[in-house]
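Data block below; observations after.
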Amino acid sequence: MDIKEFAEKFIKAENEALQQGNFDALAELEDPNVVYHVPPPLTDLLGHEAHKQFLLTARQAFSGQQLEWKYLTGEGNLFVLSYKSRGMFTGELPGFPPPTGKEITADNLMVLRLKDGKIIEVWEKGTTTGLF
């Protein structure tokens, strides 16, 4: 499988996890010890279970969440994605201010690194508006 196909599988798996709460496909793509370097106010997510718990919490915190993914580039064991998300901030999310009931939008960039066919490290950077 080439790097773009892998990226497309990740996008599908991440959407399944966020939209339907199904983490099976994501578990197949991530190393159990994957590290997600995420922007503040969050702290790094250490391991697949931490990523899963974060996504479960995000599903509850942002109702009606919609995601738009774009594959940007990839070569060797790295690929880059961008995503935009939109949803209503209606639930608690650790590290974030109290929910406002307002629409939140996020525009993020992700760099993902693979080893032995699994995601082992992710760097994510972006902006979020509508928190206050």
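Pairs are defined by a Cβ separation below 9 Å, a sequence spacing of at least 6 or placement on different chains, a first member in the stretch 93-117 that is touching a residue at least 12 places away in the same chain (Cβ under 8 Å) and closer than 19 Å to LEU131 by Cβ, and a second member that is of a type in the set (Asp, Glu) and loosely packed, with under 13 Cβ neighbours inside 10 Å; the pairs so defined are PRO99/GLU92.
Taking the stretch 80-92 as the range and being touching a strand residue (DSSP E or B) at 6+ places or on another chain (Cβ under 6 Å) and either within 10 Å of GLY130 (Cβ to Cβ) or small (Gly, Ala, Ser) (or both) as the test, the residues that pass are SER82, SER85, ARG86, GLY87, MET88, PHE89.
Of the strands (runs of 3 or more DSSP E) entirely within the stretch 1-91, those holding at least 2 residues that are in contact with a His (Cβ under 7 Å, 6 or more places away or on another chain) and surrounded by 15 or more Cβ atoms within 10 Å (Cβ to Cβ) occupy 30-37.
Taken together, the values in this text are just the output of simple stated rules run on the coordinates, not laboratory data. Please read these numbers as outputs of a predicted model, since none were measured by experiment. Neighbour counts are summed over all protein chains in view; Cβ atoms, including those assigned to glycine, are modelled from backbone coordinates with ideal geometry.
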